[in-house]
Amino acid sequence: MQDIKARFIESIPRTQTVTSFRFSPGQKVDFIPGQFLQVIFDESNISNRELNKYLSFSSSPAKEYIEVTKRLSESQFSQRLKSLNPGDEILLKAPLGSCVFKEEYKKICFLIGGIGITPVISILEYLTENKSETDAVLFYSNRTEEEIAFRKELDHWQSVNDKIKIVYALTDSQPKDKRCVFGRIDESLIKSRMSDLGERIVFIFGPPVMVGAMNKLCLDMGCSKDNIKTENFIGY
Ligand SMILES: Cc1cc2nc3c(=O)[nH]c(=O)nc-3n(C[C@H](O)[C@H](O)[C@H](O)COP(=O)(O)OP(=O)(O)OC[C@H]3O[C@@H](n4cnc5c(N)ncnc54)[C@H](O)[C@@H]3O)c2cc1C
């Protein structure tokens with residue numbers, strides 16, 4: 001893990017509540033898609049949980065910038081992110097985490113709700129840039145179509161990379177778009193879209209409640225424990 005001084009470049013709204021923040025690092029940052037970093041606003045007290053938080057990389061390692069994406073709240077940390085001006089310098093600690101994509105994974109699946117999409121973006125961008133042979137199926141649950149973050153990017157990658165298939169599941173509103181389905185990610189949805197869950201490495205990222213539910217679903221559906229890779233976004 002390195003200490004990285006990075007300069008804020010810009011913010012990019014993804015939905016009404018989710019925003020990406022891009023930074024220019026002074027040095028090359030080597031990370032593996034799926035990893036996360038720590039944003040440090042309080043350098044004098046590294047263990048300050050209010051001002052120093054973990055966020056996943058939401059860009060591929062090939063980009064010249066580092067991007068993270070936050071579901072913004074009323075917290076001090078969110079306010080500090082929102083008030084950054086271009087050129088402001090912040091401290092990042094990276095890379096962290098072992099729930100990562102590996103080249104040996106030829107068939108993968110993601111079971112994701114809401115903000116858990118951030119590391120998936122890094123992985124799918126990486127697969128597309130590298131013209132990877134890995135076959136990836138993403139089940140991405142949100143309450144409404146408006147809450148689907150990175151929709152434009154995901155649709156684009158699916159259209160240029162025939163190894164990527166995406167199922168948008170909406171829990172609170174009937175879809176207007178025929179590419180979305182109504183309902184939760186459950187056994188019947190998974191089986192209706194994919195016949196080989198047991199042969200895939202399954203990634204589950206997100207708030208602990210979602211991770212727990214998806215992990216149980218995979219085990220109930222007969223997945224081997226070793227094929228399920230989870231990362232809990234503690235702090236939700
Ligand atoms: C590996 C990892 C990756 C993550 N990636 C992302 C990401 O890409 N995008 C994203 O938006 N969020 C991510 N998170 C969660 C993020 O770090 C914040 O915890 C979350 O965004 C809530 O922050 P907040 O300032 O909005 O909430 P707050 O209002 O500060 O906190 C919400 C609640 O969580 C509790 N809490 C806060 N911090 C902790 C903690 N460290 N341990 C236990 N309870 C705590 C608070 O007491 C409060 O009840 C990730 C977390 C981890 C661990």
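Brief remarks follow.
- Residues of the stretch 1-27 that are part of a loop (DSSP other than H, G, I, E, B) and closer than 18 Å to GLY114 by Cβ: ARG14, THR15, GLN16, THR17.
- Check on PHE101, in contact with a Phe, Trp or Tyr (Cβ under 9 Å, 6 or more places away or on another chain), outside the structural domain of ASN215 (by TED's automatic domain parsing) and in contact (Cβ under 8 Å) with a residue 12 or more places away in the chain: yes
- Test result for SER132, in a loop (DSSP other than H, G, I, E, B), surrounded by fewer than 23 Cβ atoms within 10 Å (Cβ to Cβ), in the same structural domain as ALA169 (by TED's automatic domain parsing) and of a type in the set (Ser, Thr, Tyr): yes
- Enumeration of residues in the stretch 219-236 that are of a type in the set (D, E, K, R) and more than 16 Å from the ligand (Cβ to nearest atom): ASP220, LYS225, ASP226
- Looking across the stretch 219-233, just one residue is surrounded by fewer than 19 Cβ atoms within 10 Å (Cβ to Cβ) and under 15 Å from GLY114 (Cβ atoms), and that is ASN232.
- Any pair with Cβ under 6 angstrom, 6 or more apart, that starts in the stretch 52-77 at a residue that is without any contact (Cβ under 8 Å) to a residue 40 or more places away in the chain and ends at one that is more than 10 Å from the ligand (Cβ to nearest atom): ASN52/ILE40; ASN52/ASP42
- The residue that is surrounded by the fewest Cβ atoms within 10 Å (Cβ to Cβ), counting only those in the stretch 184-218 that are closer than 15 Å to GLY34 by Cβ and within 16 Å of the ligand (Cβ to nearest atom), is VAL211.
- The requirement of being under 27 Å from ILE228 (Cα atoms), buried (at least 23 other Cβ atoms within 10 Å of the Cβ) and among the charged types (D, E, K, R) is not satisfied by LYS93.
The values are calculated or read from the model by the stated rules, or taken from the named source; none is laboratory data. A quick note: this is a predicted structure, and the numbers were derived from the prediction, not measured. Glycine also receives a Cβ, built like all others from the backbone with ideal geometry; neighbour counts cover every protein chain displayed.
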